[in-house]
C-alpha cells in the first residue's frame, strides 16, 4: 500500500519546537497552491498522478517533517479544529499519492487505509481515524464497530474537541467521489468556512419531494452527531438548505406527527476514487 504507515517518518527532525499555528499557516499556503494546480471540479477531484511528481508536493512532504515537533497545546479551539481538518485532508491526499501499486479504483481497495495512514504529530501517531473520530468527533464511537478509538489512559485525549460540530462532516475528504469538496481552513475563517461547506454539501446531497427526503449516507452513519432523533437531524439540515428546499422540508416537519411518518431514504455512496486528469 504505502511505503510507511507514518508518512512523515524518517527524514530530518527539527530540534526546536514548532508553533502549531505557524506551521498550520505554512501548510495551508502549500495546500492552497496544490488546490489551484491539481484539484478540479470545485474541489471534488484530484490529479494524484501529476501531483506526486510535482515540486509542490515535494515541498509539502518536506514540510510535514515539522509536524513531529509541533506543540498542539498552543492551539485554541478554532485553531485546533482548522489544524486537524487541514491535516486530515492533506494526509488523505498524501496517502493516496504515495500508493506504490498505483491508484486504486476505490479507496476501499486499500486495506485499512483510514486506520493505518498516519502522521507523527508532536511525537504521537495520528491516523486518519484518530483525527476524525478521536479528535474532531470528541472520541465518540466509530460507526463501524461502535467503539471509541482513545482509551482512558491515551495521552491524545487532551486534544479532543469537547463540543462536536457536525459541520466537520462536510469538511473531511476521505478520497471518494461522494466526499465533500476539499477546502483549506484557518482559525479566522473556520466558522464561515464550515457554514459554507455545510450549505454547499446539503444543497447537493439533500432532496425533498412531497413526504420523501433523500439524504447522503453521511447522515445515516453519523446520525447521533446531528441529533437524537430523525426529526432533530432534519431540523438541523433545514438550517443549511437553500430557501426553496428549506421551505419544503420545514413544511414537511410541520405536518408530520412522528418520525415514522417521514419517508427518509439514503442515496448510495460513491466510493470510487476522487481522481482526475487535468
*Answer from 93, 135 - the residue that is under 14 Å from the mean Cα position of the chain (by Cα), assigned to a helix (DSSP H, G or I) and closer than 23 Å to residue 62 by Cα*: 93
_Selection status of residue 65, in the same structural domain as residue 127 (by the TED database), within 18 Å of the chain's Cα centre (by Cα) and assigned to a helix (DSSP H, G or I)_ = no
_All but one of (1) surrounded by fewer than 17 Cβ atoms within 10 Å (Cβ to Cβ); (2) out of contact with any strand residue (DSSP E or B) (no Cβ under 7 Å at 6 or more places or on another chain) hold for residue 80; state the number of the condition that does not hold._
(1)
*May I ask you to list the residues in the stretch 96-125 that are touching a helix residue (DSSP H, G or I) at 6+ places or on another chain (Cβ under 7 Å) and part of a strand (DSSP E or B)?*
119, 120, 121, 124
*Just one of 273, 215, 220, 241 is more than 30 Å from residue 145 (Cβ to Cβ) and outside the structural domain of residue 87 (by the TED database); which is it?*
241
*Conditions (1) crowded, with 18+ Cβ neighbours inside 10 Å; (2) under 21 Å from residue 185 (Cβ atoms); (3) at pLDDT below 85: number failed by residue 34*: (3)
_Can you tell me which of (1) surrounded by 14 or more Cβ atoms within 10 Å (Cβ to Cβ); (2) outside any helix (DSSP H, G or I) is the one residue 42 doesn't meet?_
(1)
*Just for helices (runs of 4 or more DSSP H) wholly inside the stretch 176-266: which have at least 2 residues that are in contact (Cβ under 8 Å) with a residue 24 or more places away in the chain, out of contact with any strand residue (DSSP E or B) (no Cβ under 8 Å at 6 or more places or on another chain) and over 30 Å from residue 47 (Cβ atoms)?*
223-226, 230-238
*Which listed residue is modelled with pLDDT of 95 or more and within 16 Å of the chain's Cα centre (by Cα), from 192, 156, 217, 183*: 217
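The values are calculated or read from the model by the stated rules, or taken from the named source; none is laboratory data. Not measured: the values here are computed from a predicted model. Cβ atoms come from the backbone with ideal geometry, glycine included; neighbour counts cover every protein chain shown.
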